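One structure, pasted below without further comment.
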Amino acid sequence: MATSRLRAGVIAGVSAIALLTTSAAPAGASAAPITHDEQITFHRWSDASDWRSGTSASTLTLPLGLGVTMLRPAGTTDYTDPHTGITKTWDYSTWTSKVTPVGFDASELVASWNAETPAGTWIQVQMQGTYNTGGTTPWYLMGRWASGDTDIKRTTLDGQGDPWSTIYTDTFSIDDVDNGVMLSAFQLKLTLYRAPGQWQSPRVSMLGAMTSYVPDRFTVPASAGHIAWGTELAVPRYSQNVHEGQYPEYDGGGEAWCSPTSTEMVVEFYGRKPSASDVAWVDPSYADPQVDHAARMTFDYEYDGAGNWPFNTAYAASYPGLDAIVTRLHSLDEAERFIKAGIPVVVSLSFLDTELDGSNYSTSGHLFVIVGFTASGDVVVNDPASSSNSEVRNVYKRSQLEQVWQRTKRVRANGTVGGGSGGVAYLIKPWWKPWPQVAGSTNW
């Protein structure tokens, strides 16, 4: 069992909260230290009134919560794909949210979306933040995405930042919370693209963002539990390690595929999976070709890996009837509420083998699926970092798993300090199933 790979200093699939650096505060900024406790919200645009609250440039709001699509082009633009060098002309239209208050001073934002992109179409998501000092960020690119990879190569953009914030692959992060310069509001901008003369257009049914402040912490208090003890969901079991060495162009399987393997397990729990034609490109000698397919369809060509959080939830939501977001949960109590509602939870975490008894491996960044709880409250997981599908089901001690999932700081084997995800989760469900109500979820 091997560890997940790192990305540009950020734990693979894990938030950038531990990567804060020192930068000067802008004029007028308060230098007072941040003292508030952990806060998490998810802001969502998905019904007709949500879309009508924003500014449209040639987009059409569809009835019955079907989302927003291109009405007619607002214009045309050339896009040179940095990963192929090919330049193409595209029609485009845009939708921009109103400035949305976070409700507290936030240090991070992760956008996610649910969309359909027929052949010849794709979407772009951008974010502009407002600081609590009144200044604004640039328009940051959060992702260029399509469900396939023949029109563009799915990508984020490295090197984005200003004196107070940085984009780490899929995560907006305040550089130094001690400066007092924090995120107080934001806008999201959606651009829809299609080939000139084509009638089929992309359709986005949900656009959202998790905003959070999670203080630095090596430990967290234990949650009480007793919400879903004795409940286990029958989630299919797939090992990432049986794919080791497959398709180096998609990061080669094995340790690098924890995220798409976890996502695929949950997709199939709901009765969805790639079709025979979808996986026809996979070597027929390979077991579980749907895992190879998931890795390809979540692959971020800039990050050079399949661990991009919103690309994974967007892949899940590309299957009919599924709704998926990236957010944080406060505790295992909240995870229990999802299990009780019949919703598995994909969690992002990092640990030494001595910190999670029975894991038999250490990882600087990993994802697996919480599928239930034992009668005594320990956590039943489908852990793809297992030698075979039959070994994927594992039971981990509740107190240990809660620590390694919820903390934001950890001590590595060599004594240096690393980061943790602070409770990051993929939440995937059928559209008709209500979200369990947990703190910060009022706009899910």
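Residues 280, 317, 276: which one is within 19 Å of the chain's Cα centre (by Cα) and modelled with pLDDT of 95 or more?
Only one candidate qualifies: 317.
Pairs only if they're at least six apart or on different chains, beta carbon under 8 angstrom, first in the range 241-260 and assigned by TED's automatic domain parsing to the domain that holds residue 282, second of a type in the set (Lys, Arg) and not in a helix (DSSP H, G or I); list them, first residue then second.
Filtered contacts from the range 241-260: 251/5; 255/5; 256/5.
Counting residues that are among the aliphatic types (A, V, I, L, M), which strands (runs of 3 or more DSSP E) fully inside the range 169-263 reach at least 2?
The qualifying strands (runs of 3 or more DSSP E) are 183-194, 203-213.
Let me ask another. Exactly one condition in (1) surrounded by 18 or more Cβ atoms within 10 Å (Cβ to Cβ); (2) outside the structural domain of residue 108 (by TED's automatic domain parsing); (3) of a type outside the set (S, T, N, Q) is not met by residue 232; state its number.
(1)
I want to confirm something. Restricting to the range 313-333 and keeping residues that are assigned to a strand (DSSP E or B) and not β-branched (Val, Ile, Thr), which single residue is farthest from residue 429 (Cα to Cα)?
Step by step, filter the range 313-333, then rank; the result is 328.
If residue 144 satisfies every condition in (1) in contact (Cβ under 8 Å) with a residue 24 or more places away in the chain; (2) buried (at least 18 other Cβ atoms within 10 Å of the Cβ); (3) not in a loop (DSSP other than H, G, I, E, B) but one, which is the exception?
With respect to (1) in contact (Cβ under 8 Å) with a residue 24 or more places away in the chain; (2) buried (at least 18 other Cβ atoms within 10 Å of the Cβ); (3) not in a loop (DSSP other than H, G, I, E, B), residue 144 is out only on (1).
Would you please name the residue that is nearest to residue 211 (Cα to Cα), looking only at residues in the range 183-193 that are buried (at least 24 other Cβ atoms within 10 Å of the Cβ) and in contact with a Phe, Trp or Tyr (Cβ under 7 Å, 6 or more places away or on another chain)?
183
Does residue 125 satisfy the condition of being of a type in the set (A, V, I, L, M), in the same structural domain as residue 198 (by TED's automatic domain parsing), closer than 30 Å to residue 180 by Cα and surrounded by fewer than 17 Cβ atoms within 10 Å (Cβ to Cβ)?
It is false that residue 125 is of a type in the set (A, V, I, L, M), in the same structural domain as residue 198 (by TED's automatic domain parsing), closer than 30 Å to residue 180 by Cα and surrounded by fewer than 17 Cβ atoms within 10 Å (Cβ to Cβ).
For the range 78-118, enumerate the residues that are surrounded by 13 or more Cβ atoms within 10 Å (Cβ to Cβ), farther than 28 Å from residue 41 by Cα and hydrophobic (A, V, I, L, M, F, W, C).
Of everything in the range 78-118, just one residue is surrounded by 13 or more Cβ atoms within 10 Å (Cβ to Cβ), farther than 28 Å from residue 41 by Cα and hydrophobic (A, V, I, L, M, F, W, C), namely 90.
Scan the range 284-302 and tell me whether some residue there is more than 26 Å from residue 111 (Cβ to Cβ), of a type in the set (Phe, Trp, Tyr) and part of a strand (DSSP E or B).
The answer is no; no qualifying residue exists.
What pairs come out if I take residues in the range 407-420 that are over 14 Å from residue 38 (Cα atoms) and pair them with residues that are surrounded by fewer than 17 Cβ atoms within 10 Å (Cβ to Cβ) and hydroxyl-bearing (Ser, Thr, Tyr) whose C-beta lies under 9 Å away, six or more apart or interchain?
Every condition considered, the pairs that remain are 413/354.
Looking only at the range 334-359, which residues are over 29 Å from residue 437 (Cβ atoms), assigned to a helix (DSSP H, G or I) and among the acidic types (Asp, Glu)?
353, 355 - these are the residues of the range 334-359 that are over 29 Å from residue 437 (Cβ atoms), assigned to a helix (DSSP H, G or I) and among the acidic types (Asp, Glu).
What are the residues in the range 279-326 that are touching a residue at least 12 places away in the same chain (Cβ under 8 Å) and of a type in the set (Ser, Thr, Tyr), if any?
286, 298, 301, 303, 313, 315, 318, 319
Pairs please, first residue from the range 199-223 and touching a residue at least 24 places away in the same chain (Cβ under 8 Å), second anywhere and surrounded by fewer than 16 Cβ atoms within 10 Å (Cβ to Cβ) and not in a loop (DSSP other than H, G, I, E, B), Cβ atoms under 9 Å, 6+ apart in sequence or on different chains.
203/62; 205/62; 211/103; 218/411; 218/417; 222/399
The values are calculated or read from the model by the stated rules, or taken from the named source; none is laboratory data. Keep in mind that what you see is a predicted model, and the values were worked out from it rather than measured. When we count neighbours, we look across all protein chains shown, and the Cβ atoms used for this are built from the backbone with ideal geometry, even at glycine.
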